[in-house]
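What follows is a short report on a single structure.
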Amino acid sequence: MHVDDIFRGIGKFAVKFRWVVVIVWIAAAVLISWRLPSLSSVTQGNNSSFLPASAPSEQAAQLAAPFGTTNLIPVPVIAAVSSGTLTSADQAYLSTLGTDFGKVKTVVKVNDLGVSAVRAGVSGQADQLQVLSNVSQNDQAGQTDLVNNLRTTITDSSPPPGMQVHLAGQLAIQVDQQKQSGNTGNQVELVAFLFILVLLFLIFRSALAPFITVVPALITVFISGPLVAELAHHGLKVSSLAQLLLTVLVLGAGTDYGLFLVFRVRENLRVGQTSHEAVVNALTKVGESITFSAFTVIAALLSLLAASFQIYSTLGIPLAIGIGVMLLAGLTLLPALLAIFGKAAFWPSKPKPGGSSAGLWGRIATRVVRRPVAALLTGVIVFGALSVAVTAYKSAGFGGTISAPAGSDSATGANLLARYFPSSSANPTNLVYTLPEPVWQDPQLIAAATKQLAASPLFTGVTGPLNPVGGSGFTPAEYTELHAVLGGGRLPAAVPAVPSALAGKVTTAEWTGLYQMYRATEQYVAPSGTTIQFEAGLTAGDPSSTAAMNVVPSLRGEAAAVVPTLHATAYGVAGEAPAFYDISQISDSDLAHVIPIAIVVIGLLLALVMRSLVAPLYLIASVAISYFAALGFAVLVFIKLGGSGGITFILPFLLFIFLLALGEDYNILVMTRIREEAHRLPLRDAVAKAIGVTGTTVTSAGLVLAGTFAVFAVVGGGGSGGSQIRDVGIGLAVGVIMDTFVVRTVLVPCTVILLGRWNWWPSKLTVDHPDTVDASADALGLASTAEGPAGAADTDSDSESRRKS
């Protein structure tokens, strides 16, 4: 059976049972969304949880496991009195408040980090509680609920007169930023969807065609998300990146596949076919293009399984499921919808028989094919020059310092944190050590290590077992005596009397202060006493910044220098900066060996659909030069001109996904149409005709995808992601535009003309015109006529390659 026969059969089925097909898809979307879990309920937002066990930051996190805070989100709560010190009544209130916090949904643990150190002669003017939550870092609604519920708990608790209680830290700031800007992830998706609709209205100039084109993609999102979520309940890891890309990829690719078919249906209507004939014949011709386009994307995605970074390797299956469902919808649901609406889909415009379908791209193609050498060389030189800039690529973090909106609760909390706990940090970097014996056996070692770390220019402040709330802390002897009295972090209900060991050394007020400080050591000394950690603020800035990520090797060197002082048996540096550094390093390494695998797999698929061993070589090369040119352009704009310290590590990866994978979609559409036209036209005319009718499709699809990323950059950049979000969105948008407007529609057609009959080697192509001149010779000026053929192909052909329009 011929390939065309398969898709003709699918088209006839979808047209004949069009109402049944539509009802089945709608019912499936409703039923699956109702019975299966949502994708947001299973996503894991902590990127470091996807690191391999061999990553240094992951090993450090395992060392810190006895503290019980791994993968939990901290929310600092600062309580301060306007004058004097916190009284026993204030402490009792805070104890009750901590209990109330523990009842809030997603709160796992509440730590009292102790009162503030001496400031302006006054100690104990503020207290810091630490709320630890297991809310997903991707669950914006859950994070907002957490912050709102904590604030409601504070309000309902009625703080004592003269006391103010506020939330601090990154999570509270992000929620306040979202309230101020109104930019949530759902709004980004909504604006992107509306942008796609508006663009499709402009492209089709009709009322129904845009909705018909995008509806299958929307239904696919509703179906594929819960399917992936169900697999997550059976062990599949799903990152927050997977959730974002599933929506973007399905909407982008789905709209592209819709454009492939809808434009061909309109073209068929223009040559006088009936509505049902137009749909069946369109699917017969472009069904193979849509199918192999989806297969190339799926192949590229599944190649990510070879990545060692699990946030990449676990992307393959979820996104492949989305593209697979989209393929089924594109081959069945979309033809059924087009058959139902018929010519009315393009109302008020009317695709009259004999109407032109070439338009602007037909005129551009005619000019380009006359001078293919000049056009190709110009494109290669320009793109090659941009690719050279890749050598200046530097990896950056993802995020950056975020500021609380003026007048917000989180802004007040941040000010109180900086005022009363200057050595503390809402997002600290942790230096973790394993000791051969409990810390209280020889706290002199801790004192020496604290002094050594505090002297480092890498840190703005260091807190640890002997100075848990900053300041001078207590002496090793006091720590030993306090431990003997209180028992390794055991917290009695009331402050005991001054023990005999300390009698005569401290007053009752001083003892109370020491006791409160000792309570705060719980976060620095594990119950066994053999695991300790220091929390440090970084001179380089916020741990999510590029500057902080770049100093991680030095941080690890500084931590290693303390090992002999502590006689430690193991050590590690944990926190956001070390995790980002490891992610960046592993990401770059993964791309280096994942891309070749994807190229080989996609090359095999191209060889099958092209029936050629030559075409895949230059098609893959065209995607490669497009990828490196786009990345080079990003380097020039963001690093050289923008003065950025680097490009977020995720941008090269996303460029790979959308250019290497989706770029071949457009290659397949263009090349299959060139091959179709070459059966009955000289190659030069076939290329001009093919580009004339597919140029609008390709560039429209590219505009849809690029526009989605542009919306993401403009709207999403106003949130907590800041400039990094804008860089990703702009980089991807420009890359897609370069690829679709230059590579697919100019450079690839020029290459086809120059290679002539070698495009199809080793297969042969039968042509239905009498004149055959070698296209490569014609293109080079060795054979030319005003309207003559460009030497399409050999006249010999076997029956397998005979395809007539």
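If you go through segment 435-459 and keep only what is farther than 14 Å from Ala568 by Cα and not in a helix (DSSP H, G or I), you end up with Ala455, Ser456, Pro457, Leu458, Phe459. Listed by position, the helices (runs of 4 or more DSSP H) enclosed by segment 146-243 that each have at least 2 residues that are open to solvent by less than 10 Å² (accessible area, probe 1.4 Å), among the hydroxyl-bearing types (Ser, Thr, Tyr) and modelled with pLDDT of 80 or more are 209-232.
Given the criteria over 31 Å from the mean Cα position of the chain (by Cα), open to solvent by less than 20 Å² (accessible area, probe 1.4 Å) and farther than 23 Å from Ile586 by Cβ, does Val280 qualify? When the stated conditions are applied, Val280 passes them.
Taken over segment 676-712, the criterion of being out of contact with any Gly (no Cβ under 9 Å at 6 or more places or on another chain) and under 19 Å from Arg370 (Cα atoms) is satisfied by Glu677, Ala678, Leu681, Asp685, Ala686, Val687, Ala690, Thr694.
You will find that of Ile602, Ile597, the residue that is hydrophobic (A, V, I, L, M, F, W, C), part of a helix (DSSP H, G or I), in contact with a Ser or Thr (Cβ under 9 Å, 6 or more places away or on another chain) and open to solvent by 50 Å² or more (accessible area, probe 1.4 Å) is Ile597 and no other.
Being out of contact with any Lys or Arg (no Cβ under 8 Å at 6 or more places or on another chain), over 30 Å from Tyr433 (Cα atoms) and open to solvent by 10 Å² or more (accessible area, probe 1.4 Å): is that true of Ile586 here? The answer is no for Ile586. Does Ala389 meet the test of being open to solvent by less than 40 Å² (accessible area, probe 1.4 Å), of a type in the set (A, V, I, L, M), touching a strand residue (DSSP E or B) at 6+ places or on another chain (Cβ under 9 Å) and at pLDDT 85 or above? Here the answer is no, as Ala389 does not meet what is asked. Please verify whether segment 681-688 includes one or more residues that are surrounded by fewer than 22 Cβ atoms within 10 Å (Cβ to Cβ) and closer than 29 Å to Arg367 by Cα. Yes, segment 681-688 has at least one match. Here Gly258, Gly272 are screened, and the one residue that is surrounded by 23 or more Cβ atoms within 10 Å (Cβ to Cβ) and within 20 Å of Gly692 (Cα to Cα) is Gly258.
Being at pLDDT 80 or above, within 19 Å of the chain's Cα centre (by Cα) and buried (at least 18 other Cβ atoms within 10 Å of the Cβ), is that true of even one residue in segment 641-650? No: segment 641-650 contains no residue that is at pLDDT 80 or above, within 19 Å of the chain's Cα centre (by Cα) and buried (at least 18 other Cβ atoms within 10 Å of the Cβ). Among the residues of segment 95-111, are any open to solvent by 50 Å² or more (accessible area, probe 1.4 Å), within 28 Å of Gln585 (Cβ to Cβ), modelled with pLDDT of 85 or more and in a helix (DSSP H, G or I)? No - not one qualifying residue is present in segment 95-111. Figure legend. Inter-residue proximity from segment 262-279: first residues part of a loop (DSSP other than H, G, I, E, B), second residues hydroxyl-bearing (Ser, Thr, Tyr) and open to solvent by 20 Å² or more (accessible area, probe 1.4 Å), beta-carbon distance below 9 Å, spacing 6+ or different chains. Indicated pairs: Val271/Ser357. For segment 536-571, the tally of residues that are in contact with a strand residue (DSSP E or B) (Cβ under 7 Å, 6 or more places away or on another chain), within 24 Å of Ala447 (Cβ to Cβ) and either polar (S, T, N, Q) or surrounded by fewer than 23 Cβ atoms within 10 Å (Cβ to Cβ) (or both) stands at 10. Kindly indicate whether Thr429 is within 30 Å of Ser589 (Cα to Cα), modelled with pLDDT of 75 or more and either small (Gly, Ala, Ser) or under 25 Å from the mean Cα position of the chain (by Cα) (or both). Yes, satisfied. Within segment 612-636, residues that are in contact (Cβ under 8 Å) with a residue 12 or more places away in the chain reach partners that are hydroxyl-bearing (Ser, Thr, Tyr) and in a helix (DSSP H, G or I) with beta carbons closer than 6 Å, at six or more positions or on different chains, in the pairs Tyr618/Thr751; Phe628/Ser387; Ala629/Ser387; Gly632/Ser387.
In segment 640-648, is there at least one residue being assigned to a helix (DSSP H, G or I), out of contact with any Phe, Trp or Tyr (no Cβ under 6 Å at 6 or more places or on another chain) and under 24 Å from Lys285 (Cβ atoms)? No, that holds for no residue. Can you find a residue that is assigned to a loop (DSSP other than H, G, I, E, B) and modelled with pLDDT under 80 anywhere in segment 410-421? Yes.
The values are calculated or read from the model by the stated rules, or taken from the named source; none is laboratory data. Worth saying up front: this structure is predicted, and the values here are computed from it rather than measured. Heads up, the Cβs are rebuilt from the backbone with ideal geometry, glycines too, and the neighbour counts pull from every protein chain shown. Please note that ligands, DNA and RNA were not included when accessible areas were found on the heavy atoms of the full protein model with its side chains. Shrake-Rupley method; radii C 1.70, N 1.55, O 1.52, S 1.80 Å.
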